[in-house]
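Read the structure below first, then the notes.
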Amino acid sequence: MIAASVFDLPSYVQSSFLGLIVTQLEVSLGATLAGLVISLPIGQLCSRLPKFYPPVLGLVTVIYSIPSIALFVLLIDITGETETTVFIPLTLYTLAILVPGVVDGIRSVPPNVLDAANGMGYGRVRRYLTVELPIALPTLMAAVRVAAVSSLSLMSIGATIGNYGGFGDLFILGLRVFDSKLIWLGLISLLVLSVLCDLLLRWVQRLLTPWARTLRSVG
Amino acid sequence: MNLLGYLRQFFDDPSYRSGYDGIWTRMLEHCEYSLIALVIAAAIALPLSILSGHSGRGDGAISIVAVIGRAMPSLGLLVLLAVELQISLTVTMIPLVLLGIPPILLYTHAGIRAVDPAAVDAARGLGMTPWQTIRQVEIPAALPLILAGLRGAAVQIVATATLAAVVSFGGLGRYIIDGLYQFDYKQVVGGAVLVALLSLATLLVFWILDRLLVSPGLRAR
Amino acid sequence: MITFENVSKKYPDGTVAVAGLSLEAPDAAITVLVGPSGCGKTTTLRMTNRLVEPSDGRILIDGADSRSRPVAQLRRGIGYVIQHAGLFPHRTVAENIATVPRLLGTDRRAARKRAQELMELVGLDLAYAERYPHQLSGGQQQRVGVARALAADPAILLMDEPFSAVDPIVRKSLQEQFLQIQAEVGKTILFVTHDIDEAIRIGDRIAVLREGGHLAQFATPRELLEKPADAFVEEFLGLDRGIRRLTFIPSNGLTLRADALVKPGVELSAAQLDLPWLLRLDEAGRPVGWVEPTRPEETPIPIGHPFTAHDDSLRAALDAAVLCPTGWAVGVDGEGRAVGVVSQEEIAAAIRAAHQATLEDAR
């Protein structure tokens, strides 16, 4: 069966197809999550104290513009040739997408809604969790989707410093043994994975914002 | 930190002063091909997105291109074309151009769509032809976003050109890839730092372009 | 003159925006198109400069079919002002105003000079010439919009709800200045608004349109108020149509009593003690307030609002009388000095007399 032979990777690939999927998801989505955890407080700070936003935005933009391979290799000195060397720059790259995402999400909350919540006696934390975050969610989730897809794709460059590129490993190996089938496999798998992740995150968004579902069916 | 030490070794090494492996040569090579790719990408993407923004159609197609551009791994594309076609300079230029197109397309389309519709209506009503409206109103008003798209494309192209060293391209990526294979870490550090500086320089160039070309009337905040 | 000959606009999905409109907008006058949403007034305006092409009928501008010239050329000869000004954000105020002259080939220096002339005409301080639109208030932006439309000295001006987006106080001031400008330049103007009061205030002729683009009535403001064509127009005009009609009747027929005026330091005469109220004046002759003859030293009651004697309408006089707690209206001259006073009863008599005159005219 063709399908079986496609997913059976040659032995010099130090992983199974499933293993590649796992590594790819672990590192990319892990980096996106880590980026989100860092971006939430930073974004919150920037929206409360707008003076901080331009320099912070400038910093993450500058980091984002540095080619990933450069960041990976520079980090080898500190973290060696390991998965962490790929993980840290990937996390930093997501900041350029997620910090603006958080800030825009918070700014999308209408001020009169905040006023109403205050007027009803909501405490700061409760207001943040039950009013601001839910309304900011669509904008935020859009940014998370972009960051996730971006990370999935960028991770493949990690293959240049060893087999830490997930499906990117197939690219480097395909080049080395001049086998385009491996490369096609890597590309298509990565693209399919990206689409699936995007769909999954959209589904999560729908779960978390039930009112948006009703809006669509009424309008 | 060892990084500074490696860096000093790199810049002290006379073999990188001149010749085909010289810093200046590699830097120019990198810039030259990045610029060519940017110009070609802009020549393709700008007219398409200006027209689509002006007519208001093509929102869906542009979104799809944006998503593909984001999800497409640059390394994969480089390597695929090298293996399927051949390892050559021309073939390497293809992914450089292709990956530069989505940012320009997305930002320019969005920028032109975001121009105040009342201003465009007034332009038509006062007697501007469609071309005059595009040239005198829509493009200048959308310039901040157009430049942002070009900047995004430039950054993407510089990064992809760095990677292209794995398929025998020259440029600054050469130091990184050669250094990795030769276990010569000073080359790796030198190359990485140089390419990081080039990216910053690219950002600087676009910052300057923005201040020079964008009308003060658009800096509302 | 703009002539509409049976002009219609039907959309592919069946919507009829304008249905067989025929009217003539006279030269050097303001013709207002007014009606509820969906009555086709904006569509009609936009058909005049072919931003929308009519599906039927034709529009003649000074006798020539609007379709006989290339579109861009046609539009450069017609001024166009829209609701949110639509200024070009990347150009300075002066550059915005100079748009059409530059399109017509005027050189930069001459165009700039023209822009300055127009800024003076619309009442904008020349210091704003190098500013950008985002630095101006809404009212100022509208003025730039009007200046930009007048820059190439077009014979015709199209205005689409130009004063609707500003607050009422600014709107009133813009309307007044606009009427002054029109008195100077005398353009043929097509003006669209949904506000019937605005239409009555500034229009020389008013076309009331019904939903679906039908013309309900085309008349002067006074005719409209006196003889609405049907129930729709009546309802659109609103409830106080009668009182608003008084705006068109002058007050110079009223007899103003000067004997109730009391200058400072002057003794009250015996005749004055018989009057119900006396009006105290200040040194300059301006009204201070009302006092009772029996208690002339008490704090005067404020007069409310005076009306300009002879110039103002009966409506202003009636309003002044109703506003004042004593029921008398104070007439002042151009400098604010009191000319005389008149009671509500006398004003009512004047209104009855005006009605009589109308009834006799009708016979």
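Throughout, read-outs are computed from the coordinates displayed, never taken from laboratory work. Remember, it's a predicted structure, so these values are computed and weren't measured experimentally. In this analysis, Cβ positions are derived from the backbone assuming ideal geometry, glycine residues included, and neighbour counts consider all displayed protein chains.
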Handout entry: Gaussian network model of chain B, springs between alpha carbon atoms under 10 Å - residue of B:L75, B:L198, B:L143 with greatest fluctuation
Key = B:L75
Handout entry: Rg [Å, one decimal], Dmax [Å, integer] - the stretch C:261-352, C-alpha atoms
Key = 12.8, 39
Practice task
Please report how far the C-alpha centroid of the stretch C:12-64 lies from that of the stretch C:165-235, rounded to the nearest whole angstrom.
Solution key: 15
Problem - GNM flexibility winner over chain C from C:E184, C:E297, C:E345 (Cα, springs under 10 Å) - result: C:E297
Exercise for the section: Go through A:F178, C:I156, A:P210 and say which Cα lies farthest out towards the positive end of the charge dipole of the protein assembly as shown; charges sit on Cβ, +1 for Lys and Arg, -1 for Asp and Glu. Expected result: A:F178
Practice task
Taking the Cβ of B:A164 as the centre, find all other residues whose Cβ is under 12 Å away and add up their charges (Lys, Arg: +1; Asp, Glu: -1).
Solution key: 0
Practice task
Any chance you could get the radius of gyration and Dmax over the Cα atoms of chain C, in Å?
Solution key: 25.2, 82
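Where does the protein assembly as shown land on Rg/Rh, using Cα atoms and the Kirkwood Rh?
Working: Rg = 37.2 Å, Rh = 32.7 Å.
Result for the protein assembly as shown is an Rg/Rh of 1.14.
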Handout entry: Pair C:D230, A:L196: separation of 7 Å Cα→Cβ label points (nm)
Key = 6.7
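Give me the net charge of B:Q132's neighbourhood, meaning all other residues with Cβ under 12 Å from the Cβ of B:Q132; Lys, Arg count +1, Asp, Glu -1.
Details: positive: B:R124, B:R135, C:R75, C:R76, C:R102; negative: B:E138.
Net local charge, B:Q132 excluded: +4.
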Completion exercise
If each K or R counts +1 and each D or E counts -1, the residues other than A:K181 whose Cβ falls under 15 Å of its Cβ total -3
Fill in the blank from the handout: For the stretch B:1-159, the charge dipole (Cβ of Lys, Arg +1; Cβ of Asp, Glu -1; about the Cα centre) points to a positive end, and the Cα of B:A148, B:Q132, B:L4 closest to that extreme belongs to B:Q132
Problem - Separation of alpha-carbon centers, the stretch A:65-93 and the stretch C:83-160, rounded to whole Å - result: 55
Handout entry: Rg/Rh (Cα only; Kirkwood hydrodynamic radius) as it applies to the stretch B:2-214
Key = 1.08
Exercise for the section: Select from C:G105, C:H355, C:A129 the residue farthest towards the positive end of the dipole of chain C; place +1 on Cβ of Lys and Arg, -1 on Cβ of Asp and Glu, and compute about the Cα centre. Expected result: C:G105
Exercise for the section: Place a +1 charge on the Cβ of each Lys and Arg in the stretch C:38-111 and a -1 charge on the Cβ of each Asp and Glu, then give the dipole magnitude about the Cα centre in debye, rounded to the nearest 20. Expected result: 160
Exercise for the section: Let me know the charge dipole size of the protein assembly as shown about its Cα centre in debye, to the nearest 20, where only the beta-carbon of Lys, Arg (+1) and Asp, Glu (-1) is charged. Expected result: 1600
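So for the stretch A:16-211, considering every pair of alpha-carbon atoms, how many percent are separated by more than 27 Å?
On the way: 7129 of 19110 pairs.
That tail contains 37 percent of the Cα-Cα pairs.
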Problem - Computed [θ] at 222 nm, helices only, for chain B once each DSSP H run of length n ≥ 4 contributes -39500 (n - 2.57) - result: -26000 deg cm²/dmol
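Using the crude model of +1 on Lys and Arg Cβ and -1 on Asp and Glu Cβ, and no other charge, please compute the dipole size for the stretch A:16-211 relative to its Cα centre, in debye to 20. Please report the intermediate quantities before stating the final value.
Numbers: 11 positive and 10 negative charges, 138 e Å.
With only Lys, Arg, Asp and Glu charged at Cβ, the dipole is about 660 debye.
If exposed chymotrypsin sites (Phe, Trp or Tyr not before Pro) are those in a DSSP loop with at most 13 other Cβ within 10 Å, what is the longest stretch of chain B that has none? Kindly include the intermediate steps, with their values, before the conclusion.
Numbers: sites that count: B:Y20, B:F183.
In short, B:21-182.
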Fill in the blank from the handout: Karplus-derived 3J(HN,Hα) from phi for the stretch C:291-306 (6.51 cos²θ - 1.76 cosθ + 1.60, θ = phi - 60°), whole Hz, x at Gly and Pro, runs 9, 7, x, 6, 10, x, 8, 5, 4, x, 7, x, 7, x, 9, x
Completion exercise
A student asked for the Cα radius of gyration and Dmax of the stretch B:136-221 in angstrom ought to give 17.4, 56
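Can you tell me the FRET efficiency between B:A201 and B:T90 if r is taken as the Cβ-Cβ distance and R0 is 25 Å, rounded to the nearest 0.05? Each step should come with its number before you reach the end.
Numbers: r = 26 Å, r/R0 = 1.05.
Calculated transfer efficiency: 0.40.
So for the protein assembly as shown, if I pair up every lysine 8 or more residues apart or on another chain, how many of those pairs have alpha-carbons under 21 Å apart? Walk me through the numbers before you get to the answer.
Details: C:K9/C:K41; C:K10/C:K41; C:K41/C:K187; C:K172/C:K187.
The result is 4.
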Exercise for the section: Considering only C:R112, C:R69, C:R50, give the residue with the highest GNM mean-square fluctuation for chain C, with springs between Cα atoms whenever their separation is below 10 Å. Expected result: C:R69
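Hey, could you get me the Stokes-Einstein D for the stretch C:208-363, Kirkwood radius over alpha-carbon pairs, 37 °C and 0.692 mPa s, rounded to whole µm² s⁻¹? Present the calculation step by step, with values, prior to reporting the outcome.
On the way: Rh = 17.5 Å.
For the chosen part, D equals 187 µm²/s.
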